[in-house]
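Report on the structure given below.
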Amino acid sequence: MFNNQENLFLQAIQKMLSSTDNDARTKAESDIKLWAKESYIQILEACDKFAICEQLDTDIRIYACYLMRILINEENYENWEKVDENKKNEIKINSLGLLGDKLGQIRHSASCLVSSMEKILIKKKEWPNLITTLCNACDSNEDEFKISSIKTLGLIWESLGKENFSEEEIILMERTIIKILLDRDRKSGS
């Protein structure tokens, strides 16, 4: 399922997460972050695989999402720019797919990951259809996916503010929120 380097990285994460010694855990986490900076693309790809692998422990998947948030931020943006466009798109698609995961903790981590990614990628106009995609997902028949999409929109709106969106995106988000509220009111009988 994973190559040798990914297995070593996975073992390091497992060791760090299972440690009860706070000093050892802190050192292991800083080693993992240093390793991620030194082997950015390989670690980013491994984290992407770990996050979507339902056979892995939930804590490992959550930690993989957390590391991806660190790796795809302003401080590491120059490394992200070096990632192949197909791989970037795969990571974006996988991150969005996690919004529909069966586990609530993974959906929460995915919401944080997608909103964190959007925070940096919007400035570079690298994910131009994300808002439309999330608004469309708010009409999903799958409640978990719908709720996670709504939550992600809220996190993005809160962290970026209105000034970072086009007028069309603002209108789309406002209409989506109004529709959600009206649907909720109809269902509750208000």
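The values are calculated or read from the model by the stated rules, or taken from the named source; none is laboratory data. None of these values were measured; they are calculated from a predicted model. All Cβ positions, even for glycine, are placed from backbone atoms using ideal geometry, and neighbour counts span all protein chains on display. The accessibility values were calculated without ligands, DNA or RNA, using every heavy atom of the protein model including side chains. Shrake-Rupley method; radii C 1.70, N 1.55, O 1.52, S 1.80 Å.
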Could you sort 145, 50 by their accessible area in this structure, using a 1.4 Å probe and putting the largest first?
145, 50
DSSP H helices in the chain with Cα extent of 15 Å or more along the helix axis and mean Kyte-Doolittle hydropathy at least 0.0?
40-52, 58-71, 104-121, 143-160
Rounded to 0.05, the calculated FRET efficiency for the beta carbons of residue 70 and residue 188 at R₀ = 41 Å is 0.55
Relative counts (whole %) of C-alpha pair distances in the chain, using bins that are 5 Å wide
1, 7, 16, 18, 18, 15, 10, 6, 4, 2, 1, 0
Using a 1.4 angstrom probe, figure out how much accessible area the stretch 22-143 has per residue, in square angstrom, rounded to the nearest whole.
49 Å²
Farthest toward positive dipole pole in the stretch 44-190 [+1 Lys/Arg, -1 Asp/Glu at C-beta], among 89, 129, 147
147
The chain, dipole about Cα centre (Lys/Arg Cβ +1, Asp/Glu Cβ -1), debye to the nearest 20:
280 debye
Estimated dipole of the stretch 80-185 in Debye, rounded to 20 [Cβ of Lys and Arg +1, of Asp and Glu -1, Cα centre]:
300 debye
Can you give me the solvent accessible area of residue 80 with a 1.4 Å probe, rounded to the nearest 10 Å²?
0 Å²
Gain on full stretching of the segment that runs from residue 42 to residue 133 - 0.36 nm per residue minus C-alpha separation:
30.0 nm
Solvent-accessible surface ranking, highest first, for 130, 96 at 1.4 angstrom
96, 130
Tell me which aspartates and glutamates have Cα within less than 17 Å of residue 162's Cα, excluding those fewer than 8 residues away on the same chain?
118, 174
Under the helix-only model (-39500 (n - 2.57) for each DSSP H run of 4 or more, divided by the residues of the chain), the mean residue ellipticity at 222 nm, to 500 deg cm²/dmol, is -24500 deg cm²/dmol
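At a Förster radius of 22 Å, what calculated FRET efficiency corresponds to the Cβ-Cβ distance of residue 105 and residue 22, to the nearest 0.05?
0.50
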Report the accessible area of residue 21, computed with a 1.4 Å probe over the heavy atoms of all protein chains in place, in Å² rounded to the nearest 10.
80 Å²
Take residue 181 and residue 158, extend 7 Å from each Cα along the Cα→Cβ direction, and tell me the distance between the two endpoints in nm.
1.7 nm
Among 106, 117, 52 - extreme Cα towards positive end, dipole of the stretch 43-190, charges at beta-carbon
106
20 Å Cα-Cα threshold exceeded, pairs from 88/123; 92/146; 37/88; 88/125; 102/124; 82/123
102/124
